[in-house]
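Okay, so here's the structure we're looking at.
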Amino acid sequence: MSALPGVIDVRDNVGVPSVGDVRAIATRVGAQATATTGTIAVTANATYDVSFTQPAGTSIKNIIMIAAGNLVTGGSSGDDIDFDLGTAAGGGQIIDEKAIADDGGSAVTIAANTPLFIVENGLPAVANKFANMSGGPATSEAMTLAASLASSSERTLHIRLKPLASDLATAATTVTFVIDFITLP
């Protein structure tokens, strides 16, 4: 019996997985990950950038942000912490500046060591996605894609964090971003 187009039959004639077919699957569904760390200080309207390399022939599956210390907004309307993803630092070509902590007049906290999936399974976070998780910010804006997460060629991408309006209410801390990629067929 022949397999459907694009389907790999992992069993040989006696029902045992074929080594060659298992290797073919491993190369087609290969996942890769990278992490990058930067420091976010407390200064309002200052920008804090980190960069990473997206391998050729991949798409971003997940972008996970983990702050080593608490991040707390200033407590006045507009005191957000914005996130940006682009092909240039601060360019927003992929996700343009959106609040991961959306301060509408009360301080918003991102607790230390809380993993925030900015992108999860290839989908950007919806508004207030983190509100019901322990340690997540109570309010956040919807992340919207302005361009594809996939790339046929290797490219350098830049993540920017930016506290708006007022200084953050906490000390500077490091923030790690874990980026998972899937290999495209």
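The values are calculated or read from the model by the stated rules, or taken from the named source; none is laboratory data. Computed from a predicted structure; not experimentally measured. Every residue, glycine as well, gets a Cβ built from its backbone with ideal geometry; the counts of neighbours run over all protein chains shown.
Against the definition (more than 24 Å from S166 (Cα to Cα) and in contact (Cβ under 8 Å) with a residue 40 or more places away in the chain), how does E141 come out, yes or no?
Considered against the rule, which asks whether it is more than 24 Å from S166 (Cα to Cα) and in contact (Cβ under 8 Å) with a residue 40 or more places away in the chain, E141 comes out as no.
Being surrounded by fewer than 19 Cβ atoms within 10 Å (Cβ to Cβ) and either more than 19 Å from A35 (Cβ to Cβ) or basic (K, R) (or both) is true for just one of N121, N128. Which residue is that? Give the steps one after another, and end with the answer.
On the way: N121 fails: either more than 19 Å from A35 (Cβ to Cβ) or basic (K, R) (or both).
Unique residue meeting the criteria: N128.
Name the residues in region 55-91 that are among the small types (G, A, S), assigned to a loop (DSSP other than H, G, I, E, B) and under 20 Å from A35 (Cα atoms), would you? Working first, answer last.
As a first pass, look at region 55-91 and keep what is among the small types (G, A, S): 56-57, 59, 67-69, 74-78, 86, 88-91.
Now narrow it down to the ones that are assigned to a loop (DSSP other than H, G, I, E, B): 56-57, 68-69, 74-78, 88-91.
Across region 55-91, the qualifying residues are A56, G57, A68, G69, A88, A89, G90.
Would you mind stating whether R160 is out of contact with any helix residue (DSSP H, G or I) (no Cβ under 9 Å at 6 or more places or on another chain) and more than 19 Å from G38 (Cα to Cα)?
Numbers: out of contact with any helix residue (DSSP H, G or I) (no Cβ under 9 Å at 6 or more places or on another chain): yes; more than 19 Å from G38 (Cα to Cα): no.
No, not satisfied.
Within region 69-85, how many residues turn out to be surrounded by fewer than 20 Cβ atoms within 10 Å (Cβ to Cβ), at pLDDT 85 or above and farther than 12 Å from E141 by Cα?
The initial filter retains those residues of region 69-85 that are surrounded by fewer than 20 Cβ atoms within 10 Å (Cβ to Cβ), namely 69-70, 75-78, 82.
Subset that is at pLDDT 85 or above: 69-70, 82.
Retained after the next criterion (residues that are farther than 12 Å from E141 by Cα): 69-70.
Final tally of qualifying residues: 2.
Within region 153-173, can you find the residues that are of a type in the set (A, V, I, L, M) and under 16 Å from the mean Cα position of the chain (by Cα)? Even if it seems obvious, please write down each step before you answer.
Restricting attention to region 153-173, the residues satisfying the condition of being of a type in the set (A, V, I, L, M) are 157, 159, 161, 164-165, 168-169, 171-172.
Across region 153-173, the qualifying residues are L157, I159, L161.
Is it the case that region 93-101 has a residue that's closer than 22 Å to A172 by Cβ and small (G, A, S)?
yes
For residues that are under 16 Å from T87 (Cα atoms) and assigned to a loop (DSSP other than H, G, I, E, B), tally how many sit in region 153-185.
The qualifying residues number 2.
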